Structure formats: C-alpha cells, structure tokens
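The values are calculated or read from the model by the stated rules, or taken from the named source; none is laboratory data. Keep in mind it's a predicted model, so treat the numbers as computed, not measured. Note: ideal-geometry Cβ built from the backbone for every residue, glycine included; neighbour counts use all protein chains shown. All accessible areas refer to the heavy atoms of the entire protein, side chains included, with ligands and DNA or RNA removed. Shrake-Rupley method; radii C 1.70, N 1.55, O 1.52, S 1.80 Å.
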Amino acid sequence: MRFIFKTKYSQDINIAKHNGDRFWYSLLILIMAALPLVLDDFYLGEISYICILSIAGIGLMILSGYTGLASLGHAAFLGVGAYTHAFLLTNGVPFYASIPIVIVVSFLVGAVIGIPILRLTGMYLAIATLALGFIAEHVFIKWEHFTGGNRGLPVPQPEFLGMSFYDSVFFYYVCLVFLIAAMFAAINILRSPTGRAFVAIRDSEIAAQSLGVNLGLYKALSFAISGAFTGLAGALLAHYIGYLAPDIFNIFLSLTLLLLIVVGGMGSLHGTVFGAIFVGFLPQLIAICRDYLPSSIGSQPGLEPMLFGLILVFFILYEPLGIYGRWIKIKLFFELFPTYKRQTFKKQKVFTKSDRV
Amino acid sequence: MQLIQLIIDGVASGCIYGLVALGFVLIYKATETINFAQGDILMLGAFVAYSLIGLMGMDYLTGFALTVLIIAVFGFFLDAVVVRQIIGQPAFATVMLTIGLGFIFRGFASIYWGTDIFSFSTPFSGKITEFNGLIISYVNLSIIAGTAILMSALYFFFTFSKIGVAMRASSENQLAAYYMGIPVKFIFSLIWSISAGVAAVAGVLLAPITLVDTSISLIGLKAFAAAVLGGFGSIPGAIVGGIIIGIVEQLCGTYENYLFEGVREISAYLVLILTLIIYPRGLFSDKAEVKKV
C-alpha cells in the first residue's frame with residue numbers, strides 16, 4: 001500500500017498522483033504508439049473505433065457520471081458532429097479548420113438545447129432528452145439540403161499532413177492523438193473549479209447551491225461541454241463509417257453510449273476507456289456466444305438486444321461502479337492482502353430522494 | 001365532418017397512449033420510479049394474446065382475460081424479484097435498469113415468437129358502422145369502450161376496495177401506511193402488476209390495428225408525452241393527455257402540408273418538449289409545482 005506524503009495543497013489536484021502513475025501512463029502511451037508495428041489493419045481499425053467511442057464516452061461521462069444528468073439522446077450530438085464535419089469537408093473546408101468548427105457548433109447546440117430543458121430534474125430530463133434524440137433523428141432524415149436525407153451523405157476523405165484517411169495506420173494515430181487530447185482536456189476540466197462544481201451538483205444540488213454554484217449555468221455548461229466532446233467523436237466517426245445515413249444516429253446508439261459508461265464505471269474517466277473496449281468488442285463477444293449456443297437460439301436476431309439488456313441489468317444490480325469499480329476492488333485486495341474486508345465497498349442504503357414537495 | 005372523423009380516430013389511438021401512460025403514472029405515484037419498459041410489457045401482452053388466441057385458438061374474451069392475468073402476474077414478480085433491489089439508488093439507476101429490462105423483453109420476444117408480423121382474428125376486425133356519414137370501425141369502438149370500462153373499474157377499485165385505498169395510502173406516505181399495518185412492499189408489487197395488466201389490455205386492444213411485432217413497444221415512448229402532458233401523477237390526466245396526443249397526431253398527419261413534412265411522427269415528442277418547457281407541471285397535476293432550478 002502506497003502512502004503519499006503531501007506537503008502542498010496543490011498536490012491534491014496533480015494530474016499524476018505519484019511517479020508510478022507517470023511511469024505506467026507514459027508506458028501505455030508508448031505501447032499504443034507502437035501498436036501499428038505489430039497489428040494488422042483490421043485490429044487497428046477496431047482500436048480506432050474504440051478510441052472514437054472513448055471520446056464520445058468522455059462526453060457522456062462528464063454529463064451523466066460527473067454532473068449526474070441523464071441523457072438518453074446523446075447520439076444526436078454524434079450526429080450533429082458527423083454531419084457538420086461531412087458538410088464542411090464537402091464544401092472544401094480543410095480538416096484542421098473543420099474540427100474546431102465542429103467542436104464549437106456542438107458546444108453551441110448543447111448550450112442551446114441545454115438551457116431550456118435543464119430546468120427539469122431527474123426523470124423528466126431523461127424523458128426530454130429521449131424525445132430530443134427522436135426529434136434530432138427526424139431532422140437528420142428531413143433536412144435533405146444539409147444531410148442528404150435517406151440517400152445518405154458520403155464523407156470526403158481529404159489529405160491531412162500529406163497523408164490520406166484511407167490509410168488505417170494514419171487514421172489510428174489521428175484517433176489516438178484526439179483521444180489523448182480529449183482525455184487531458186477532460187481531466188483538466190474536472191480538476192478545475194468548473195469540474196468541482198459539476199461533482200457538487202451531482203452529489204447534492206442543495207449543498208452546491210448553498211456554496212454559490214449557479215445550478216442553471218453549470219448544468220447548461222456541462223451539457224455544452226459534453227456536446228462538444230461527443231461532437232468531436234462524431235466527426236471522427238464520420239471518417240470511420242465513410243457514409244452517413246440518418247438511421248445510424250438512432251436511440252440504440254444513445255443507449256449503447258449509456259451502456260458504455262455504466263459498464264465502464266460511472267464517475268471515472270478510466271471507465272470510459274474500459275467501457276469503450278467492452279462495447280467495441282461486444283459484437284465479437286456475441287458472435288462467439290452464437291457459436292456456443294444451439295443453432296436454434298444462436299441464429300436469432302433477437303440475441304443481441306437480449307444480451308445488451310442482460311449485461312445492463314447485471315451491472316446495475318451487482319456492480320454499479322462498473323469494470324473500473326471491480327478493478328479498484330481487485331487492486332485493494334492485493335494491496336491489503338490478507339486483511340481485505342468485503343465491507344469496504346458495501347453499498348450504502350439510502351432513502352430515495354423524493355421529488356415531492 | 002372530416003374534422004370529427006379525425007377526432008374519433010385520434011381518440012381511439014389516444015386511448016392506447018392513455019392506457020400505457022396510466023401504467024407509468026400508477027408506478028410513479030407509488031414508488032417515484034419510471035418504468036421505461038412499459039411499452040415492452042405492452043408488446044409482451046400482444047404476443048401472449050397472439051399465442052393464446054391466434055395459435056391455440058382460444059375464444060377472444062377468454063384469451064383476453066388470460067393474457068391480462070398472465071402479464072399481471074409477470075408484473076408482480078418483476079417488481080418483487082428485480083426492480084425492488086434498486087430502491088434507494090439514484091433515479092438514473094432505475095432508468096437504466098428498466099431500459100435494460102425492456103431490451104431483454106424485446107430480445108426474448110423476437111427469439112421466442114420470431115421477427116415476423118403476426119395477427120389474430122378478433123370479433124371486431126374489418127367491421128365498420130356508419131353514423132351520420134361518419135365511418136367508425138369496430139376496432140376503434142372496442143378501444144374506446146375498453147378504455148372506458150377499465151377506467152371505471154379502476155376508479156371503483158381505488159375508491160371503494162380496501163386494497164385500492166391501501167394503495168392510495170402507500171402512494172401518499174409509505175411510512176405512515178406501514179405504521180397502519182399495510183404491507184407496503186406487497187402493495188407496491190401489486191401496483192406493478194396492475195400497471196402491467198393495464199399495458200396488456202392496451203396491447204390486446206391495439207393488436208388489430210398495428211398487428212403484432214416487436215416494434216409496437218415504441219408506443220411506450222409516445223405515451224411519455226401523454227403522461228407528462230397530463231401531469232405525471234394524475235390518473236385522469238394520463239387518459240386526457242393520451243387523447244390529446246392522439247388527436248394532435250391525427251391532425252398533424254392530415255394537415256401536414258400546412259406545417260412541415262414528417263410532422264406526424266414527431267408531433268408527440270414536440271408536444272412533450274413544449275409541455276416540459278412551458279408548463280412542466282402538466283394539465284392535471286395534483287402537485288403544487290414541479291421542482292425547478
């Protein structure tokens with residue numbers, strides 16, 4: 001067990017808590033950078049997809065995991081990002097200019113949507129975002145001038161730094177760099193006063209308000225920041241898919257994002273990556289399950305939603321902190337061996353907060 | 001005349017929304033959780049009815065009653081075994097849990113019954129009556145009549161029966177009800193079973209119109225609009241909200257040219273968002289005010 005001797009208050013908000021952290025995360029980045037040397041194109045594509053999912057997951061994690069606001073329509077932001085990016089590229093805007101515009105546009109969309117609906121709390125918010133997701137999907141279908149409607153919209157793959165996006169090694173590096181940048185941005189947002197205000201709102205709105213947090217402002221800000229991250233992921237997703245159709249950005253994608261953060265672990269940035277790896281490999285996992293099940297069940301199309309639901313229910317009931325929570329427990333078990341106590345992580349029973357006056 | 005025709009059609013589909021919304025409201029009033037799987041329970045109801053009436057050749061009314069009974073028992077155990085464990089967790093957990101349950105039901109239905117579109121014969125299929133130039137189908141009449149009968153039955157149940165009063169008491173104040181000797185947990189499971197039963201009624205009534213397949217669970221999402229419009233927590237509000245949504249949808253569909261293309265499919269969601277922004281407490285709310293920031 002490691003005890004950190006703190007001599008300055010600022011140590012509390014250091015990005016890396018100790019040298020071990022620095023060493024392991026640097027090693028991780030180096031390994032990720034060296035991966036194209038050993039893996040072939042297929043796996044690089046999969047890992048690029050996981051990077052994109054992680055960026056989207058960071059967006060939703062800031063909103064749901066850190067600010068405590070549920071969003072059941074986050075695919076809409078992916079759609080906004082993807083379509084804006086494709087539209088700009090089609091009209092000759094270069095890649096390096098398009099990405100910042102996408103981020104700003106999704107930020108603004110998040111703010112504009114956020115301001116009216118964030119007066120709602122709890123489940124009203126969940127329902128409202130669900131409805132917004134449907135409306136957004138519909139807008140993508142009907143606004144043909146901008147999105148190409150049901151015909152779809154091909155995404156141009158421009159040259160960037162003299163390389164083409166068709167090159168999977170180059171695309172992998174682009175995704176990796178954006179993931180690392182997004183991770184740093186998220187860490188820095190979360191250790192700033194803004195991020196502290198988010199966490200305060202999640203834990204107790206009344207306490208946050210008493211400490212001078214402007215609830216409406218910070219909730220809208222959280223929505224906007226979340227939208228910006230997810231929009232960026234959408235822009236990269238557009239390159240990954242190559243051809244945008246409105247039915248990609250449906251409610252199932254929104255729920256997949258929620259599955260990602262729940263399985264990964266609510267309220268932890270590690271969780272977004274764990275969750276993205278899980279969701280990214282879920283189709284393969286299901287394919288493996290199909291092989292082992294009798295063919296009468298294995299060949300059914302309903303297996304996918306069923307497993308999806310089972311995993312969700314299982315995690316909510318038995319491991320609310322997700323894969324990251326499980327990791328923490330295993331780590332602590334070995335650090336404290338043989339004195340680990342199960343009760344350390346016992347779920348605390350609380351009275352349900354009532355919305356009634 | 002066309003307008004009246006539209007309104008009649010709207011009322012019929014609105015009754016279905018209202019019944020599903022009623023399920024939300026019952027559960028919300030009692031436990032302050034929302035069952036996002038309500039539409040999927042409706043779908044299960046329709047499928048069970050298809051099995052009993054369409055495949056096993058049962059009489060329509062017997063099959064109807066048996067379906068409602070099966071789904072009600074299912075709803076009881078759904079609460080007693082699964083959902084109860086989540087009490088005390090943040091609202092987010094319940095939302096995710098019921099969404100997950102909905103996925104399981106849909107996956108189960110498409111594995112067990114398959115992804116085809118099914119139908120079964122009802123005494124109302126294909127019959128119409130004419131009244132002053134209005135064309136009313138028996139199916140729509142059956143929906144409206146079924147809703148009216150169910151509503152009055154529920155009204156009498158909640159007003160005069162001992163269990164009904166116990167349910168209202170538990171919704172009002174769990175602790176006080178518990179001190180009065182009401183088995184609150186059991187009552188909550190019973191409320192879940194009523195709510196599932198109501199969804200099953202809606203599913204069976206709806207089956208002749210939309211036919212039976214897994215996509216009908218999406219009605220549950222439109223029913224949110226009805227519940228919110230009626231003021232979450234009010235039983236008559238749910239039905240009135242549902243009827244308003246149904247009529248609005250019919251009108252938007254017919255006068256699409258004057259509005260914008262495709263307004264019909266999203267009209268329910270637009271009403272939902274507008275209600276939440278402008279008048280979030282809803283039309284019939286018994287609460288003083290929805291908590292605002």
Using a simple spin-label model with points 7 Å from Cα along the Cα→Cβ vector, what separation in nm is obtained for A:ILE115 and B:LYS127?
5.7
For A:LYS329, what is the net charge nearby, where nearby means another residue's Cβ is under 10 Å from its Cβ and Lys, Arg count +1, Asp, Glu -1?
+2
Expressed in nm to one decimal, what extension gain is obtained for the pair A:GLN11 and A:ASP40 from 0.36 nm per residue of sequence separation less their Cα-Cα distance?
6.3 nm
With an 8 Å cut-off on Cα pairs and a minimum separation of 6 or more residues, tell me the relative contact order of the stretch B:2-217 in percent.
43
From the Cα trace of chain A, what convex hull volume per residue do you get, rounded to a whole Å³?
184
If every alpha-carbon in the protein assembly as shown counts as one equal scatterer, what log10 I(q)/I(0) does Debye give at q = 0.05, 0.06, 0.07, 0.11 1/Å?
-0.24, -0.35, -0.48, -1.18
Using θ = phi - 60° and the Karplus relation 6.51 cos²θ - 1.76 cosθ + 1.60, list the HN-Hα couplings for the stretch B:240-257 in order, rounded to whole Hz, with x at every Gly or Pro.
4, x, x, 5, 4, 4, x, 5, 4, 5, 4, 5, 4, x, 6, 9, 3, 4
Relative contact order of the stretch A:35-345, defined on C-alpha pairs under 8 angstrom at six or more residues apart (%):
32
Long-range HN-HN contacts of B:GLY230 with modeled amide H, under 5 Å
B:GLY241, B:LEU283
If you average the alpha carbon positions of the stretch A:185-223 and of the stretch B:12-63, how far apart do those two centres end up, in angstrom?
41
Apply 1/(1 + (r/R0)^6) to the Cβ-Cβ distance of A:LEU28 and B:GLN85, taking R0 = 41 Å, and write down the FRET efficiency to the nearest 0.05.
0.65
The summed charge of the B:ARG106 Cβ neighbourhood (under 14 Å; Lys/Arg +1, Asp/Glu -1) stands at -3
Partner shielding of A:59-72, as the mean number of partner chain Cβ atoms within 10 Å, equals 1
log₁₀ I(q)/I(0) of the stretch A:152-257 at q = 0.11, 0.20, 0.24 Å⁻¹, via Debye over equal Cα point scatterers, no solvent, to two decimals?
-0.51, -1.07, -1.27
For the stretch B:61-75, Karplus-derived ³J(HN,Hα) couplings (6.51, -1.76, 1.60; θ = phi - 60°; whole Hz; x for glycine and proline) come out as 5, 4, x, 4, 4, 5, 4, 4, 5, 4, 5, 5, 5, 4, x
Whole-Hz ³J(HN,Hα) from phi, Karplus 6.51 cos²θ - 1.76 cosθ + 1.60, for the stretch B:191-207, glycine and proline x:
5, 4, 5, 4, 4, 5, x, 4, 4, 5, 4, 4, x, 5, 5, 6, 3
Exposed-loop-free span, longest in chain B, where GluC sites (Glu not before Pro) count as exposed if DSSP calls them loop and at most 11 other C-beta atoms lie within 10 Å
B:1-260
Given Cβ charges of +1 for Lys and Arg and -1 for Asp and Glu, the option among A:TYR243, A:GLY65, A:THR90 whose Cα lies farthest towards the positive end of the dipole of the protein assembly as shown is A:GLY65
Taking 0.36 nm per intervening residue step and subtracting the Cα-Cα distance, what contour gain separates A:GLU159 from A:ILE4 on full extension?
51.0 nm
Per residue of B:211-223, count partner chain C-beta atoms within 10 Å of its C-beta, then hand back the mean as an integer.
1
Exposure ranking of B:MET96, B:MET151, B:MET56, B:MET180 by accessible area [1.4 Å probe, largest first]:
B:MET180, B:MET56, B:MET151, B:MET96
Suppose each label sits 7 Å from its Cα in the direction of the beta carbon; what would the A:LYS331-B:THR62 distance come out to in nanometres?
6.4
Sparsely packed chymotrypsin sites (Phe, Trp or Tyr not before Pro) within the stretch A:114-149, loop by DSSP, other Cβ within 10 Å at most 16:
A:TRP143
How long are the semi-axes of the ellipsoid equivalent to the stretch B:11-143, from square roots of 5 times the Cα gyration tensor eigenvalues, in whole Å, largest first?
31, 19, 13
Calculated [θ] (222 nm, deg cm²/dmol) that DSSP helices of n ≥ 4 give over the protein assembly as shown, each run adding -39,500 (n - 2.57)
-22500 deg cm²/dmol
Once you put a point 7 Å from the Cα of B:LEU69 and another 7 Å from the Cα of A:TYR243, both along the Cβ direction, what distance in nm separates them?
5.4
Taking the alpha carbon gyration tensor of the stretch B:90-239, what are the square roots of 5 times its eigenvalues, largest first, to the nearest whole Å?
32, 23, 14
Note the full-extension length gain between A:HIS145 and A:ALA185 as 0.36 nm times their separation in residues minus their Cα-Cα distance, in nm to one decimal.
11.0 nm
Rounded to two decimals, what is the ratio between the C-alpha radius of gyration of chain B and 2.2 N^0.38 Å?
0.99
So if I place +1 on the C-beta of Lys and Arg and -1 on the C-beta of Asp and Glu, and nothing else carries charge, what would the dipole magnitude of the stretch B:163-293 be about its Cα centre? I want it in debye, nearest 20.
480
Given H placed 1.01 Å from N in the peptide plane, which residues other than close sequence neighbours of B:ILE128 have an amide H under 5 Å from its amide H?
B:TYR138
Filter the trypsin sites (Lys or Arg not before Pro) in the stretch A:5-109 to those in DSSP coil with at most 16 other Cβ atoms within 10 Å of their Cβ, and list the result.
A:LYS6, A:LYS8, A:LYS17
With a length cut of 18 Å (Cα positions projected on each helix's long axis) and a Kyte-Doolittle mean of at least 1.6, go through chain A and give me the DSSP H helices that pass.
A:95-117, A:168-191, A:251-264, A:303-318
